[in-house]
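Heads up, the thing below is written out as structure tokens.
The values are calculated or read from the model by the stated rules, or taken from the named source; none is laboratory data. These figures come from a predicted structure and were not determined experimentally. Don't worry about glycine lacking a Cβ; one is built from the backbone with ideal geometry, like all the others, and counts go over all protein chains shown. Ligands, DNA and RNA are excluded from the accessible area calculation, which covers all protein heavy atoms including side chains. Shrake-Rupley method; radii C 1.70, N 1.55, O 1.52, S 1.80 Å.
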Amino acid sequence: MSPETLLQDPSSTPSSDSGGAFAPDRFDTYVMKTYGRFPIALERGEGCRVWDTQGREYLDFVAGIATCTLGHAHPALIEAVTQQIQKLHHVSNLYYIPEQGQLAEWIVKHSCANRVFFCNSGAEANEAAIKLVRKYAHTVQQLEQPVILTAKASFHGRTLATITATGQPKYQKYFDPLVPGFEYVPYNDLEALENTIADLDEGNRRVSAIFLEPLQGEGGVNPGDLEYFQEVRRICDETEILLVLDEVQVGMGRTGKFWGYENLGIEPDIFTSAKGLAGGIPIGAMMCKESCAVFEPGNHASTFGGNPFACGTSLAVAQTLEKENLLENAQVRGEQLRENCRAIAQQYPKIFTAVRGWGLINGMEINAEIELSAIDLVKAAMDEGLLLVPAGPKVLRFVPPLIVSKEEVEQATQILAKVVAKIAS
Ligand SMILES: *Cc1c(COP(=O)(O)O)cnc(C)c1O
């Protein structure tokens, strides 16, 4: 087809009228149907607000699912990506990359880790952690059949190894054979963990690592129990098992601390980060202590991992977190959000059974006995101009940008109150 015919074909001419530049049916003709999408298309954002192709404004309490740390079009983000693309955006890891080194140094100085490996997503960061654990099992722990324990209701990504690590059968269906060497335990249940470790030991399969989220995000915004994690750390120390934490959703300030584990008073041996790390530019990272940094040249790699563009942007996010006191903002605004959500939950005790979270990752649990699902509430809130995301079938999740203001939290919870009042009537 010549360019002329393309232009004459009305269906291939981008239009700016209703339906936006690309109508849903046309979109679905070409894009693989891997997502259930809401029938809006977002085209512009500023701070905690986004606009769809019809010009409708929304308060964004999704932030690309806990990813747009600084919200949309933040001046620091714009400056960082502009400067970096003008200077150098990508080179191979065949060479030293200053921005990668600077970001690794920042992470090491602001965490319990000594070493960082960079990749491009959460699943990849967890893959790197799984590979590191396997190498450690074979070379240091001297285990022939190492097992990684993960939690039920966890979420660790969509690659084969990470859906295996994910303790939810719905993500594994159709994709067997899965990766060997994983077992599952209920989250926050110390007795079950101890029993599983002992049972495996008797069968000659030894536990190499315990792999957990500090707070389960996708699984329903379930915070880790302080005592449980302290006991897990003690067990790991006594039995020389590695503790790996998936910080992909909760790391980089989301909980009001740089890392989720700081809420639990423990340090992991290995942890991973991605979502919010570069504020919405793709990046992933796997961090570990010197004692388990067993990778050598050739063991692991990534073409895009740690490139100047992603690392330069992530550095700007890190500097802005500090300069704008966003950890404190996440704590204070999170407290306000939970208070307001609790007031709504108390007014409608038949609808909501719990409000929970840390900093700016929070959930409202809907009564299991009623028909209402999280998706129903998300849709109703969207119609009123508030974007929310479910965490499982019965939990409403709030993960706004860390720059969210007092007024925006008030507005969001007012919209939610209105939506709930309508549904309850
Ligand atoms: C989102 C998420 C992942 C997967 O991250 P991707 O970037 O989508 O691969 C892994 N673990 C947790 C806890 C997550 O929330």
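Some observations on this one:
- In order through the stretch 189-194: 3J(HN,Hα) via Karplus (6.51 cos²θ - 1.76 cosθ + 1.60), integer Hz, x for Gly, Pro: 10, 5, 4, 4, 5, 4
- The alpha carbon convex hull volume per residue for the stretch 74-122 rounds to 117 Å³.
- nm² value of the averaged projected area, convex hull over the Cα atoms of the stretch 75-323: 13.4
- For the chain, averaging the sequence separation of C-alpha pairs within contact (under 8 Å, six or more residues apart) and dividing by the residue count gives a relative contact order of 21 percent.
- Fluctuation leader among N329, N114, N299 - the chain, Gaussian network, Cα springs under 10 angstrom: N299
- Given +1 at the Cβ of Lys and Arg, -1 at the Cβ of Asp and Glu and no other charges, the dipole of the stretch 75-323 around its Cα centre is 960 debye to the nearest 20.
- Assuming charge only on the beta carbon of Lys and Arg (+1) and of Asp and Glu (-1), the dipole of the chain about its Cα centre is about 500 debye to the nearest 20.
- Too-long pairs where the Cα-Cα distance tops 25 Å, listed order kept, from K170/K289; K109/K152; K350/K418; K33/K275; K257/K418; K257/K379: K170/K289; K109/K152; K257/K418; K257/K379
- The slack in the chain from K350 to E267, taken as 0.36 nm per residue of separation less the alpha-carbon distance, amounts to 26.0 nm.
- Share, in percent, of DSSP beta bridges within the stretch 86-231 that are antiparallel, nearest 5: 20
- For T353, the residues 5 or more places off, or on other chains, whose built amide H falls under 5 Å of its own are E365, I366, N367.
- Protection-proxy order for peptides 36-43, 371-378, each taking the mean of Cβ atoms within 10 Å per residue, highest first: 371-378, 36-43
- Along principal axes, Cα extents of the chain, largest first, whole Å: 65, 57, 46
- GluC sites (Glu not before Pro) restricted to the stretch 217-322 and DSSP loop, no more than 16 other C-beta within 10 Å: E240
- Shape summary: the stretch 144-291 maps onto an equivalent ellipsoid whose semi-axes, from the alpha-carbon gyration tensor, are 23, 19, 14 Å in decreasing order.
- Think of it as helices only: each DSSP H run of n ≥ 4 in the chain is worth -39500 (n - 2.57), and spread over all residues that comes to -12000 deg cm²/dmol at 222 nm.
- Kirkwood-Stokes translational diffusion coefficient of the stretch 68-185, alpha-carbon pairs, 37 °C, 0.692 mPa s, µm²/s: 189
- Debye intensity ratio I(q)/I(0), log10, the stretch 215-297, q values 0.11, 0.13, 0.23, 0.27 Å⁻¹ (C-alpha model): -0.31, -0.44, -1.18, -1.38
- Net charge of neighbours whose Cβ lies under 13 Å from the Cβ of G219, counting Lys and Arg as +1 and Asp and Glu as -1: +1
- Taking all pairs of distinct alpha-carbon atoms in the stretch 199-241, Kirkwood radius in angstrom: 11.9
- Karplus-based coupling profile of the stretch 409-423, in residue order and whole Hz: 5, 4, 4, 4, 6, 5, 4, 4, 4, 5, 4, 5, 4, 5, 5, with θ = phi - 60° in 6.51 cos²θ - 1.76 cosθ + 1.60 and x standing for Gly or Pro.
- Remark on the stretch 358-412: ratio of C-alpha radius of gyration to 2.2 N^0.38 Å is 1.16.
- Local net charge near A113, Cβ-Cβ under 12 Å (Lys/Arg +1, Asp/Glu -1): -2
- Amide H contacts under 5 Å for V185, placed H, 5+ residues apart: T150, A151, K152
- For the chain, the antiparallel share of DSSP beta bridges with both residues in that region comes to about 60%.
- Top positive-direction residue, dipole computed over the stretch 75-323 with Cβ charges, set L103, N188, L143: L103
- The accessible-area ordering, largest first, of the residues H138, H90, H72 stands as H138, H90, H72, per a 1.4 angstrom probe.
- Expressed to the nearest 5 percent, the antiparallel share of DSSP beta bridges inside the stretch 75-323 is 40 percent.
- Phi-based couplings in Hz for the stretch 280-285 (Karplus 6.51, -1.76, 1.60; Gly and Pro marked x): x, 8, x, 6, x, 8
- Taking only Cα atoms of the stretch 263-365, radius of gyration then Dmax in Å: 18.8, 59
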